[in-house]
Amino acid sequence: RSVYDGEEHGRFMEKLEARIRNHDREIEKMCNFHYQGFVDSITELLKVRGEAQKLKNQVTDTNRKLQNEGKELILAMEELKQCRLQQRNISATVDKLTLCLPVLEMYSKLREQMKSKRHYPALKTLEHLEHTFLPQVSHYRFCQVMVDNIPRLREEIKELSMSDLKDFLESIRKHSDKIGETAMKQAQQQRNLDNIVSQQPRISGVKKSKKEFSASSELEVKNTSPMSEQDSGILDVEDEDEEEEVPGAQDLVDFSPVYRCLHIYSVLGARETFESYYRKQRRKQARLVLQPPSNMHETLDGYRKYFNQIVGFFVVEDHILHTTQGLVNRAYIDELWEMALSKTIAALRTHSSYCSDPSLVLDLKNLIVLFADTLQGYGFPVNQLFDMLLEIQDQYSETLLKKWAGVFRNILDSDNYSPIPVSNEEVYKKIVGQFPFQDAELEKQPFPKKFPFSEFVPKVYSQIKEFIYACLKFSEDLHLSSTEVDDMIRKSTNLLLTRTLSNCLQNVIKRKNVGLTELVQIIINTTHLEKSCKFLEEFITNITNVLPETVHTTKLYGTTTFKDARHAAEEEIYTNLNQKIDQFLQLADYDWMALEPGSRASDYLVDLIGFLRSTFAVFTHLPGEVDVHSTMSGKVAQTACMSACKHLSTSLLQLLLEAEVRQLTLGALHQFNLDVEECEQFARSGPVPGFQGDTLQLAFIDLRQV
């Protein structure tokens with residue numbers, strides 16, 4: 001900078017030139033000093049160049065030879081390279097195929113499973129295919145096709161499984177009655193077994209009366225022809241003998257379509273849809289099952305088929321409840337059962353009301369009990385059914401009363417109303433066996449002899465016992481206490497006595513043209529039936545084992561019934577006698593202006609007195625134990641005689657005091673006096689024993705005074 005800034009530029013250049021000249025001289029000195037070595041080196045280099053040229057030529061020649069010789073090796077190496085490349089490609093292909101083959105195999109397996117309708121395994125295969133195998137080879141085009149097909153395959157599996165479920169639902173709807181029949185048959189066998197076990201410890205103490213009706217309570221459930229269904233969910237069941245074990249109700253049904261469909265829908269995340277569909281369809285089926293046929297009441301088979309279908313429905317639902325988790329729950333089952341119970345009870349009330357045959361009502365009751373016991377065995381509450389049976393019991397009693405009304409009418413209409421004659425010991429014992437009658441005096445009498453009552457007494461007594469048996473049959477298996485059974489029987493028997501039998505007796509007593517002899521015999525018969533009421537009490541006590549002293553025990557009203565009938569017969573006797581007297585009095589033809597009286601009493605009065613004597617003779621010649629001095633019939637005779645005398649006296653007095661009789665002669669009055677004396681003579685003659693002093697004559701005292 002000082003050189004450039006100053007004015008010494010020229011000088012600096014001079015100095016620099018001088019410096020360069022010095023260096024050149026030094027270089028020249030140094031070169032001169034080493035020149036010989038340089039020349040030697042050049043000479044050596046020239047020699048080396050010649051040798052190098054020779055070597056180059058040799059190398060070139062050798063290279064040419066090597067190139068010629070290496071062409072074949074290069075070709076072999078190219079071939080080796082190509083082989084190695086192919087080998088690598090093959091290995092990669094094998095690896096890829098190793099990944100693809102399981103996918104194809106799984107897809108083939110899926111198609112095979114769907115073809116054979118193994119939908120649940122097919123769905124599992126589809127799940128493995130989608131989540132395990134396809135992701136490993138997802139970049140291939142065929143895999144993409146499979147992936148695109150998976151939703152369609154799922155939907156296809158879903159539809160196919162739903163189709164199987166629909167077939168299953170349709171099949172169990174058709175065959176509910178067979179399922180129910182089997183379940184009820186099982187319950188019947190179990191009940192019979194329980195009865196056998198419970199009766200064994202007390203076989204020796206069972207009363208005869210219970211043996212007589214116990215067999216009738218058993219209900220026979222008939223086998224229907226065996227079914228044969230393919231893919232219906234119902235297995236074939238051969239008819240079995242009574243002694244062979246009945247298959248379980250669940251053994252008849254293949255529930256696998258339900259399980260498969262449930263699993264499939266669960267896996268597909270549509271379980272709620274499936275549950276809703278299943279419950280909806282089963283509700284529809286329940287309504288169909290609970291709809292009774294219009295002619296169900298005509299035969300027992302109609303009721304049996306109805307019950308079988310209901311039992312079959314709930315056996316299936318109970319099994320579904322206990323073998324699946326949540327498809328149906330207890331609330332759903334209870335709701336269905338409440339609906340079924342209300343509809344069944346309503347149907348039974350309606351149809352049973354049409355039934356007028358007590359034997360059919362009894363069979364229906366046994367069927368309802370079996371129906372209730374069967375469902376109770378599956379855990380369903382059936383108290384309402386037993387409550388309804390108590391209602392049917394009232395209807396059964398009514399049908400029994402109607403039937404026995406006809407029986408009593410036939411007995412009373414066919415009776416001859418005369419004492420039963422017996423010619424030998426065998427007949428005597430037969431009648432005593434039918435009716436509790438003991439009379440030491442009658443037993444001592446030789447054959448032939450007569451019972452005091454007519455045939456309707458033992459017949460009516462036997463029919464009352466038959467009625468009690470019929471009532472007892474209905475009370476079996478109703479889970480009632482002995483006291484309740486006793487009360488039910490006594491109430492029904494009271495209705496039979498106070499309403500049915502009483503009406504029949506009243507109709508006989510009130511019918512036209514009934515004779516006094518018949519009325520007297522009815523009085524005698526009702527007296528004996530009244531005495532037999534205590535034996536009916538004992539009879540009911542024996543078959544129910546409830547002592548009559550028990551609190552709230554209903555008493556039989558038979559005594560009242562027979563007393564009322566006897567009183568009605570007595571009133572009818574009095575009325576008939578008075579009517580006969582009136583008929584005789586209509587023949588009276590007094591000439592109130594007669595100058596002279598007749599020599600004797602009027603003819604009509606003589607005939608009337610003769611009729612009364614013959615009539616009261618009937619009372620005085622009653623057979624056997626019925627003595628006029630000590631029995632009710634004796635009092636009836638006295639009352640009838642007094643009533644007849646009073647009525648005769650009053651009627652004669654009315655004749656005398658009629659408004660039309662404005663005047664009368666002494667002769668007419670004497671004639672009337674003869675008639676009154678005839679009446680007094682009749683009263684004094686004692687037509688009926690037992691009157692004290694002039695009691696009977698007092699009936700005519702007012703007439704005499706007038």
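For the reader, a short list of remarks on this structure follows.
- Yes/no for ARG202 being open to solvent by 60 Å² or more (accessible area, probe 1.4 Å), among the basic types (Lys, Arg), at pLDDT below 50 and in a helix (DSSP H, G or I): yes
- Pairs where the first residue, in the range 306-327, is on the phi < 0 side of the Ramachandran plot and in contact (Cβ under 8 Å) with a residue 12 or more places away in the chain and the second is open to solvent by 10 Å² or more (accessible area, probe 1.4 Å) and not in a helix (DSSP H, G or I), C-beta under 6 Å, 6+ apart: TYR306/PRO292; ASP318/TYR378
- Considering only residues in the range 397-435 that are touching a Leu at 6+ places or on another chain (Cβ under 7 Å) and of a type in the set (Phe, Trp, Tyr), the one that is nearest to ALA346 (Cα to Cα) turns out to be TRP404.
- Checking ASN507, ASN525, ASN494 one by one, the residue that is open to solvent by 80 Å² or more (accessible area, probe 1.4 Å), part of a helix (DSSP H, G or I) and at pLDDT 75 or above is ASN507 and no other.
- Considering the conditions (1) under 20 Å from ILE345 (Cβ atoms); (2) touching a Leu at 6+ places or on another chain (Cβ under 9 Å); (3) among the hydrophobic types (A, V, I, L, M, F, W, C); (4) open to solvent by 10 Å² or more (accessible area, probe 1.4 Å), LEU268 is excluded by exactly one of them, (1).
- Residue within the range 334-344 that is open to solvent by less than 10 Å² (accessible area, probe 1.4 Å), in contact (Cβ under 8 Å) with a residue 12 or more places away in the chain, under 16 Å from GLU391 (Cβ atoms) and not charged (D, E, K, R) present: yes
- Among the residues examined, THR350 qualifies as of a type in the set (Val, Ile, Thr), at pLDDT below 85 and part of a helix (DSSP H, G or I).
- Residue within the range 616-639 that is at pLDDT 80 or above, open to solvent by less than 50 Å² (accessible area, probe 1.4 Å) and touching a Lys or Arg at 6+ places or on another chain (Cβ under 9 Å) present: no
- Scanning the range 89-108 turns up no residue that is within 26 Å of CYS261 (Cβ to Cβ) and touching a Pro at 6+ places or on another chain (Cβ under 6 Å).
- Cross-chain or 6+ apart pairs with Cβ under 7 Å, the range 284-302 first and small (Gly, Ala, Ser), then crowded, with 17+ Cβ neighbours inside 10 Å and at pLDDT below 85: GLY302/MET296
The values are calculated or read from the model by the stated rules, or taken from the named source; none is laboratory data. Bear in mind that the values here come from a model prediction, so they are computed numbers and not experimental data. Using ideal geometry, Cβ is built from the backbone for each residue, glycine included, and neighbour counts are taken over all protein chains shown. Please note that ligands, DNA and RNA were not included when accessible areas were found on the heavy atoms of the full protein model with its side chains. Shrake-Rupley method; radii C 1.70, N 1.55, O 1.52, S 1.80 Å.
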